[in-house]
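Single-structure report; data block below.
Values in this text are rule-based calculations from the coordinates and carry no lab data. Here the structure is a predicted model, which means the values were calculated and not measured. Positions of Cβ are generated from backbone atoms using ideal geometry, with glycine treated the same way; all protein chains shown enter the neighbour counts.
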Amino acid sequence: MEELDEQLKRVRSADPVLRERAVREVLEAKQEWVTAIYHRVNQLADDADADAMKEALRKIRNQGRDAARDDMRREGEKGKVETPDYLAMVAEYAAPNDESWQALVSVLAMSRMLVAVGNVEAARALVQIYVRFGEFLRVDIQKQLSELGDRAAPALIEAKKHPAAKISQWAERQLDQMGKAIASELVQTTDQQALADILRAYGRIQDPDAARIIVSFANSERAQVRLAARQSVRLLGEVGNWQLRETYQDIVGKTPPRDWPWKRTAQELFYQFDRLRLAQVHEFFEAGMAAQKKGDYDAARQAFDKVLSHNPMFDRRDEMVDGYLAYASQADDKHLDTALLSVQRAERINSDPKRQAKLESLRLTLEAEALLTRSLADQSLLRRALELDPDNQRARQGIAMIERGERVPRPEYSRYYGAGAIGIVGLAGILLILLWRPKTPAPVPAPVPEAVAVAAAESVQEAGAVAVPVAEAVAVPAPETVPVNVPEAAPVPVPDADAAAVPVPEAVPEPAPSLGEPASEPEPVPAAAPVPEAEPQAVGATATDPSDK
């Protein structure tokens, strides 16, 4: 209340700079101010002169519209003059010494604060301003409600049952202008908080036309909406009994007993809703409990995590604390993060004060071990854990290890990977050296000197023999075959008797013996001197005797 009064005092200030700053600060209103604003509005409505406030607003409004019209004329614009915001006009044309102006600017400032808060209580307070101050603020209140959007719908629904017919008719018109005149249209919103408030508002006014829709939301997957719908069913009371009975028959398949009151019918219907919706959740829970009995705490933890993800407020959640605690207690250094998360969940769902100290002690121990993996030793966490649970041997061992200068070893997988890679490369090199053989190049035959070939050809021709081709006179082994014995010599024709005395020059160092001569060591033929190129002669021609010359 004091903060609100201080803010309103600055809004009414005679200093224009301070007043302008205070007007901007109304958008920073706190949610806790809504109740104080509601009481201050009623107090001003009781003490202030509404007629004087209306007259002050009329004069300021005319001044503001005239200024806006002059601006349009200077800019050459035509059309309808838009009225500036009431609070801006009243703050600009201030009369700090006028009590009616002070009351007017205070009410307008509080209405902007309510819009800034934007919840259903703020919307109710805006409706209350119109109820208490009347028509001269109706247009401004309608603009502020339109700023709230769907958040204003619950307050307008409740205003439909206002004792004053004028207010109830006005609320219905506002809902119709919003396109939400009936319940099926009002629940079509993406704002879950607004939907929950709308359902509760229908329960407060006990609208029988909305009973079927309210009961259908009692089985919603969203806990916020589901709880609001069930609260609305209780607010409906006997009005919604026939809808409860019909829904029970549709779900269960049989009519509820006649002697059941609406409370019993609602209770049984909600139980059937929960049983169908939580069937899978109960399966996860039973699987986790079975794994816990077998000692498979990791599987139990995973099953309990699924339970809490589907329903954080599961009614048997306290039974899962022991499973979380067992998993975290036996977790090694590789699973510290998962173990720490399990302990935190166990602390949240725990309802036994006797286990709280043990859970907190284990959490502090795991936090200290997590720090040790980063080479940060914090004994204060471990000592605090021992104070909470003197039986915590894990914390005691951690303190002793820190005092000895040890730390939890971190797995250095990269080092192992590097050593393995080096070993593989070395082994590959060894295998390459042992198994690799260079290919032996094929032998290239030695070229026969041209002069030797020419001399051999001329000698054969002079002896009257058939010329032996050079390719046949020189025996060159094939590259693929390695000769073992002496290769066969090229066939040489038998010379005539006249030519037998003429020695045949050899083309290669080791020629084969002639067929008609005794095996004797032939004399080596000296290297022939270069001779001019001779004219080709026909094979078989008779050589000219030098003595004929």
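Points worth noting:
- Within region 68-101, trypsin sites (Lys or Arg not before Pro) in DSSP loop having at most 16 other beta-carbon neighbours inside 10 Å: Lys78, Lys80
- For region 1-149, the equivalent ellipsoid built from the Cα gyration tensor has semi-axes of 25, 17, 16 Å, listed from largest to smallest.
- Coupling constants for region 311-319 follow from the phi torsions by the Karplus curve (6.51 cos²θ - 1.76 cosθ + 1.60, θ = phi - 60°), and in residue order they are 8, x, 10, 4, 5, 9, 5, 5, 6 Hz; glycine and proline get x.
- Working note: Debye formula, equal point scatterers on the alpha-carbon atoms of region 202-334, no solvent; log10 I(q)/I(0) at q = 0.16 Å⁻¹ is -0.81.
- Cα pair distances of region 67-152 binned at 5 Å [whole percent]: 3, 13, 21, 18, 17, 12, 10, 5, 1
- Label-to-label distance, Lys263 versus Leu18, with points set 7 angstrom from Cα along the beta-carbon direction: 5.8 nm.
- q = 0.14 Å⁻¹, region 269-359: log10 I(q)/I(0) [Debye, one scatterer per Cα]: -0.48
- Of the trypsin sites (Lys or Arg not before Pro) in region 289-362, the ones in a loop by DSSP (not H, G, I, E or B) with at most 15 other beta carbons within 10 Å are Arg316.
- Dimensions of region 148-197 based on its C-alpha atoms, expressed as ranges along the principal axes with the largest first, amount to 31, 18, 17 Å.
- Radius of gyration over Kirkwood radius for region 211-251, both on Cα atoms: the Rg/Rh ratio is 0.95.
- Cross-link pairs beyond the 25 Å C-alpha cut-off, checked among Lys80/Lys166; Lys161/Lys254; Lys80/Lys143; Lys54/Lys80: Lys80/Lys166; Lys161/Lys254
- When you restrict to C-alpha pairs under 8 Å that are six or more residues apart and normalise by the size of region 1-149, the relative contact order lands at 31 percent.
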